[in-house]
Structure formats: C-alpha cells, structure tokens
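Inspection log for the structure reproduced underneath, given as structure tokens.
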Amino acid sequence: MLDWIKAIIHKKTHRRQNREQMLVTFRKKYVHFKILLDSNSQLLNIISDMEEKLRGGTPFGLTYVRSLSVRVLFYAGRMIQSFEGMTGKSLPELHAILDDIYNRFKNEDEPSNVPATRELILPYSRIDKSLELSVGGKNANLGEIRNQVHLPVPAGFAITTQAFRQFIDSKDLVDKIKKIKEKLDIITPESILHVSQSIEAMLVAADMPSDIEADITQALHDMALETGQSEQDMKVALRSSAVGEDSEYSFAGQYLSVMNVPYGNVITEYKRVLASLFSERAITYRQHMGIPFEEAAMSVACIEMVTSTVSGVMYSRHPFSRLKNEVIIHAIWGLGSYVVDGVISPDSYILSRDTPPALIEKSISNKPFCLTPDNNGYLSEQPVKESLRLAPCLSEAQAVQLAEYGLKLETHFGQAQDIEWAIDPQGRIIILQSRPLHENMLGSDGPCQLKEIIPGYDLLIESGSIACPGVGCGQAHLVRSEADLIDFPNGGVLVAQRSYPQYVLVMQKAQAIVTDSGSLTGHMASLSREFKVPALLNTRNATSRIQPGEEITVDALSGRVYRGRVHELLNDTCDSGGFIRNTPVYTILRRRADWIIPLNLVDPKSADFRAKNCRTIHDIMRFLHERSYGEIFSISDRATDHLNATARLNAPLLLDLYIIDLGGGIHEQAVENRTITVDQIQSPPFLALLRGMLRKEFRNNEPRPIDLGGFFSVMTRQLVSPPNLDTERFGDKSYAIISNKYVNFSSRVGYHYSILDAYCGKTATKNYVHFQFKGGAADDVRRHRRARSIQRILEHLGFMVETIGDRVTARYAKDDAAVIEDKLDYIGRLLMYSRQMDMLMKTEESVVCLADQFLEGNYMLSRQSTEEKTC
C-alpha cells in the first residue's frame, strides 16, 4: 500500500512538473508569437500607408521612402527571428530573400553619404548646395543664397560635420551613445527623456579636441576682421545645421540654436548645439521619420548676430491651399524666436505672387513684449513701447520687397520656401534661413468645401488659425509642462496656451492640436503638417473654454471646435488629387512597392506554400503568419493534458474556428476533448465575441440582396487582378487564443481579414479592445466605402478609429469589464454583418445607410430593408 501511495504521489509530482515545464515552454513560445503578430500588424499598417501614398494624393520625399524601407526590413526580419524563436529552427531561405530585397533597396539609395570635405571649417564664400553632407541644410542654403541668388545673409562660417564626427570619435562617444540608446523605447516618453538627458550630458561634459578648438578660434578672428569688430565685443549666433535639416524634412525647432553668444563662450555653446542632436524632440522626430543614428550628423552655423528691429517668417506660397496664390509674411518687433515658438501672435501680411507683388491684406496684432540681444550676451525679454504695440512692423514697401525675395528664392530652389528674415537697424533685409515649405495640400483643385456651423452641437471655439487642415476628435488633454506630455493619452486632443515644437513628442498619438496662441509660420505648425495632425492655433481662449477630459471635435477646415463627436465632419473625406505621381520619388516608391506589396502565396493548402517560394515581403508575412498558428497548435497538441488546449469549436458559425487555451478559458471537463462547444467556454471576452457572432439573424439562410454591379465588381477583380492581400480568399481556418481574461482572435471571413486583441478583467485601467479589419474582393471604391461604413459604426460605439484605404484600426480602453464585453459583442456582430457589405456598396449613400442599419439592430441586409433604406 505504501509503495502504491508513493507511486501515485510520484506520478502526480511528475505530471505537475511536466505541466509547469510545458507552461514555461509554451509561454516563451507565445512571447515570440505575440512579437510576430505585432510585427505583422506593423507591416500591414506600412503597406496600407504605401498604398495610400501610391494613389498620388499625399506628398512625400526620398527620406520617407528610405525610412519606410528601413521599417519594412526591420519588421520582416523581426518576424523571421520570432518564428525561429518559436520553432528553434533557422529559415535560411527567408533570410536570403530578405537580404536580396535589402541589397536591391541599398543599390537604389544615394551612392554615398560621405561628406564632400574633411575640413573642419568652411566660410560661406565657399559653400553651396553641393556641400550639404558636410555643412548641413541650413549652412548649404545660406551659402547658396549668398553666392548664387546674391541676397544678403549674415557673415559667418560653418563648423562642418567632419568636426562633429572627429569630436565624438576622439572621446569614444559613438559606442557609449549606442549603448545608452539600447534602452530607448520610442513609445514611452519617459524612456526618450532618460536616453536624451544621458547622451546630452555626456557630450556637454566631454573636452573639445584642441585642433577643432583652434580652427574655430581662427575662424572667429577672421569673422571679426570681416565685420570690423573686436573679438571681445563680437557676438555670434550658433545655429544647428544637421544633415537633413532644412531640406527634405524640416526638423523644425528640434535642435538647439543659441543667440548672441559672447566670444569666450563659443566652444561651450557649440557642444550644447551638438548635444541637441539627441534632444528628446530630435530623437522622436528621427525615429518617426526612420532616419538611422548613423546618418545623424551635426554641422553648426556660426554667424554674425543681427540686432534686428523687426523679424519674422515668410511663406512664398500658402501651405495647404492651391487656390490661394499668395505670399504670407508674419512679423514682430525684435528677434524672430517668438514667432516660430508661438509666443507672440504676429502681424500678418498677405501679398499676391504678381510682379511686383501687391499687398492684399494685413492684420496687426497686439505685441506687448519682444526678445532682444543683451549687452552682456544672450537674450532678454523687453516690453514694447506703448506706441508700437499695435503699430504695424512693416511698411508696404518692406512687405513688397520681402515678397520679391521670397519669390526669387522659390524660383532658385525650385519649390515653395519657408524663410526666416530680419531687418537690421539700418533698414536692410537679411535672409537668415530658407528651406522647403512642407505643404499639406487639401487637393489639386483647392480645399474641401468649408462647412457652415453644424447645428445641434455646442460650439466651443468659433475661429482659429488653421496650421494643418483636417478634422480630429478625442478627449481634450491640457498640456502645461513636459510632465503632461509624458502622460499624454493615445487618441487625445492636445490643448495648450502656446504652440511649442516640443509637442512633436506626442504628435504620433494626437488626433488634433488646439492652442491659444501661435501662427501658421511657427515651428509647431510646420511639424503638424509633416505629421499630418489637424492643428488650430491662435484661438485666444481654448484653454479656458475647453475642459480637460471632455470629448471635442476639432474642425481644422473651418477653424472651429465643437463639444462632443460631430459625425457630419468625421465622415467627410477630401480627394487629395494626384499631383505627385509624375515625380522621380514616386517612381522609386512604386519600384520598391513591387518587392513589398504583391502576394504570391495565396493558398496555405498548396504544395507551393513554402518558404523558398516567397518573393516579396508580403509573401514572407503571409507564410510566417500562417505557419506561426500551426506552430502554436502543434505545441498545444503535445500539451493537451497539461494546458487545457483544444482544437476546434463546434458552433453554427460560417468559419472553421480553432482554439488554444492559455488557462481558465475552457471548462476543465473539456480537457480531453478535441472538439468543444460554446457552453464549455469560460473566457468572458471570448464568450462576448461569440455572443455577437452567434445571433440568430446571422443563421438566416435567406439570400442576401445582390447588386449586380457589386457582384460583377467582385468577380471581375478576382479574374483580372494579381493575387494580393486585397483579393485573395484567405484560408478556411480562424484562430482564437484565450484565457479567463484574454482573447486574441484572427478571423478569415470570406475575403475579409480581421484581428482582435482584447483584455477584460476586474481592473478597468488594464482593459482594452484593439480591432483591425482589412481586405475584400470588390474594387477599391467599394472596399473603401465599406471601410468608412465600418468606421462610422465603430465611432458611434465609442471606439477611436483610424481608416487608411480599406484598412480600419479601432481602439477602446480603460473601462469596466461589462462595457468591454458589450463592445466585444458588437465586434462579433460586425464581423458577421460585414461579410457581404462590399457588394452592397454601390453608392456613397450606402456608407451611411448600411452603418445606420447595423446601429438600429437590423443585421439581415434583407431585400426589403435595403430597399426601404434606399442603400
């Protein structure tokens, strides 16, 4: 008897140890699986963005193409590594394919990123655009303006990128920087701040090599002779001129410039400007644009300090309306920093682009204080004389001359320009900077038609200056300090007093930006256009009128802010035209898309569905995504006795659904079963989803109404289009990974593909629903209508929604378990409802009609209901 008891105890102990070991193994593999799914999702987002760019309506540059390529290769490589981590097997075929695509992209890129000179100092008399890799965008443009356009610029010289590289190499700083950057998590502002502060402090503390310091000292001596000043009395401005800055991407306000620097402080301030290459704003900007660390190099402009009486910014063309054939000038008293930083609302002058330009309109603002050079060095804020506060900064003649300069610079550089200028005490106009104007056009035929005030909603802001056009909706988040940026929520609307460029830290999260002050020509306005965040500035009282946490809709087409969600605005779209399709950069993107987007592996059951047959990034994604689920289920097959894992759900669903239980997701009595029923499921979030999918309306066998145009659209696309994500019919299997609080559901229903990831527990702050929907068999027009109809439904249900082409991404978070379950129920209904929406999307009215039917609880799509609704 004792031996029998010992045997039982031993057996139970052995089984418990096996179970624990299997749990550890499975969870480790599941971590790799989650990383693979995340990478797949990121790649799908990139592909959607590429498809949107290839429609030709959105401007982009070579840096976008290169950064996109880096991201694609990174996530594809991460998918391969994750799959290898799951299986313990290498995939040399996929590595070879990825290497081949990498080499193709590399050969297309610029042949060299090596600076054109190894000199440490270059005077402006020797600088033009050909030296941009050595002196950065700002210096190259100033040299070009001086030597080719022959307009006045300050005296000065460039401290080259060679000096920067020599500085960081001499102190072994490169490896130290890379080591610190390993701690970077670009999603977490706290991580960015920590990394930034560590690197900046290290650079500022490092000693400057003697040869660099000697060359700078000599150049300062030469500049003093040129300007007729003594070295001790001379003040200079040290301005960042990083590689890439003021060229294809603006880096507006992301790097440091120091004004009115005394001779004895130049070396110290030079190091501070170099260190700003790693400011939290600059790191965020580069990561978003996909610019690798190896390509980040800082040159510095050391220029004569212009004691300006008036200064400002000029756009040689309107930044987002092609119908407005205008030059825009903003001006303030003193130095121009208060314009670009949004501190003072400037005077505004609008001139025609005629020869000569004519003043069309001017608006004079109250300018109570200004920024001026201090006699002891650096800057101080001074009150403006009462008589000048409401006086115009510019005469009409000065405004016309500025506009002539702007048009001349546009002609020389071949595109619209964003120009900083100053007027010295002698009345001479001096160009301080000229860079490409980053436009965000609403359309080739002009802006979308501006709306009248939408009735039925509280109007919080009646007028503001539009910095970036568009419409955004979300909860208001008041930003007063850097700490408020750290806590900024996904999908929030940033509300602040001033329009600081520091807001770049959260522009990837923000639905819109609203500020009390600021101007169209400020740094933050430029950044909002690059990040495509609707922005409304100079509203005067947004921070007092808008309550933190309340949901608002920002109409940055008409300059208004409404309380609540204004569906009439959010459902509108603008046709952005095709003005970029004939450019060389579009051709490059089109070529790269051929190695990224096409899908050749369409049938998982085919003998050709093998790694060696992958030819594109999309093939790699499809292969690994399909095989990863097979790997997860092969693990569960071996672990059925230990992990409550099972295979198939027996339920009246129009899909083949397989399940794996991470623990607590199914009833213990179903442990040995290879097939389970709904009543054996214990996972609340999964049950909620199934509740919606199993509604009796979706079991009705009545034929759906078929619009013949929609039917033939589907059939024609299947017959004539090459296989890709949009047209393939996904495999028969769908998958659910569940626990007592979690569900990850990958669904293939018809030609549609959706991914749901949700957590539903007792702690509301941990709960969330993430949902993505893409695919379809109809033409682009019908699929895009369907996406907008789904967007309308989800927004009505309280989700934060983003739609790009036919891809819909929705998020809902931080609510009670009962609310999360209700949202999942609706997602289940929507999955079944959307099966034949493509065919029914015959007109624009269908977008609203089918969404309204769903929201009214009519899921049948019966002939009678659709005819009554005139869909």
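Restricted to region 762-778, and to residues there that are open to solvent by 40 Å² or more (accessible area, probe 1.4 Å) and part of a loop (DSSP other than H, G, I, E, B), the residue that is modelled with the lowest pLDDT is Thr763.
Selection of first residues in region 62-84 that are more than 21 Å from Phe33 (Cβ to Cβ) and at pLDDT below 95 and of second residues that are among the charged types (D, E, K, R) and part of a helix (DSSP H, G or I), restricted to Cβ pairs under 8 Å at least 6 apart or on distinct chains, gives the following pairs, ordered by first then second residue: Tyr64/Lys53; Val65/Arg592; Leu68/Asp49; Leu68/Arg592; Ser69/Arg592.
Sub-6 Å Cβ pairs linking a first residue in region 736-750 that is at positive phi and aromatic (Phe, Trp, Tyr) to a second residue that is modelled with pLDDT of 85 or more and not in a strand (DSSP E or B), at least 6 apart or interchain, number zero. Step by step: first the residues of region 674-707, then only those that are open to solvent by 30 Å² or more (accessible area, probe 1.4 Å) and of a type in the set (A, V, I, L, M, F, W, C), then the one that is modelled with the highest pLDDT. Which residue is that? Checked region 674-707; the qualifying residue modelled with the highest pLDDT is Leu687.
Taken over region 191-207, the criterion of being part of a loop (DSSP other than H, G, I, E, B) and buried (at least 19 other Cβ atoms within 10 Å of the Cβ) is satisfied by no residue. I'd like the full set of residues that are part of a loop (DSSP other than H, G, I, E, B) and within 19 Å of Leu54 (Cβ to Cβ), limited to region 779-810. Hits for region 779-810 are Asp779, Gly805, Asp806.
Out of Ile635, Ile659, one residue alone is touching a Lys or Arg at 6+ places or on another chain (Cβ under 8 Å) and modelled with pLDDT under 80. It is Ile635.
The strands (runs of 3 or more DSSP E) falling completely within region 364-425 that include 1 or more residues that are without any contact (Cβ under 8 Å) to a residue 60 or more places away in the chain, out of contact with any helix residue (DSSP H, G or I) (no Cβ under 6 Å at 6 or more places or on another chain) and surrounded by 13 or more Cβ atoms within 10 Å (Cβ to Cβ) map to 369-373, 379-383.
Restricting region 222-239 to residues that are touching a residue at least 12 places away in the same chain (Cβ under 8 Å) and in contact with a helix residue (DSSP H, G or I) (Cβ under 7 Å, 6 or more places away or on another chain) leaves a set whose member that is surrounded by the fewest Cβ atoms within 10 Å (Cβ to Cβ) is Gln232.
In this structure, Val504 does not qualify as modelled with pLDDT of 85 or more, in contact with a helix residue (DSSP H, G or I) (Cβ under 7 Å, 6 or more places away or on another chain), open to solvent by less than 10 Å² (accessible area, probe 1.4 Å) and under 25 Å from Val313 (Cα atoms). Only one of the listed residues (Ser739, Ser734) is at pLDDT below 85 and within 29 Å of Ser683 (Cβ to Cβ). That residue is Ser734. Every test in (1) open to solvent by 50 Å² or more (accessible area, probe 1.4 Å); (2) modelled with pLDDT under 80; (3) more than 21 Å from Lys28 (Cβ to Cβ) is passed by Val671 save one, and that test is (1). Does Ile454 meet the test of being touching a strand residue (DSSP E or B) at 6+ places or on another chain (Cβ under 8 Å), at pLDDT 85 or above and buried (at least 19 other Cβ atoms within 10 Å of the Cβ)? The answer is no for Ile454. Scanning region 817-832 turns up no residue that is open to solvent by 30 Å² or more (accessible area, probe 1.4 Å), out of contact with any helix residue (DSSP H, G or I) (no Cβ under 9 Å at 6 or more places or on another chain) and either charged (D, E, K, R) or in contact (Cβ under 8 Å) with a residue 40 or more places away in the chain (or both). Within region 525-557, the set of residues being open to solvent by 10 Å² or more (accessible area, probe 1.4 Å) and of a type in the set (A, V, I, L, M, F, W, C) comprises Phe531, Leu557. Once region 39-60 is narrowed to residues that are out of contact with any helix residue (DSSP H, G or I) (no Cβ under 6 Å at 6 or more places or on another chain) and not in a helix (DSSP H, G or I), the residue that is modelled with the highest pLDDT is Arg55.
Applying a threshold of 7 Å to beta carbon distances and a minimum spacing of six or more residues, or different chains, the list of pairs starting in region 138-150 at a residue that is closer than 13 Å to Tyr405 by Cα and modelled with pLDDT of 95 or more and ending at one that is aromatic (Phe, Trp, Tyr) and open to solvent by less than 10 Å² (accessible area, probe 1.4 Å) reads Arg146/Tyr124.
The values are calculated or read from the model by the stated rules, or taken from the named source; none is laboratory data. No experiment lies behind these values; they were computed from the predicted model shown. Cβ: placed from backbone, ideal geometry, glycine included. Neighbour counts: every protein chain shown. Note: accessible area is taken over every heavy atom of the protein model, side chains too, but ligands, DNA and RNA are not part of it. Shrake-Rupley method; radii C 1.70, N 1.55, O 1.52, S 1.80 Å.
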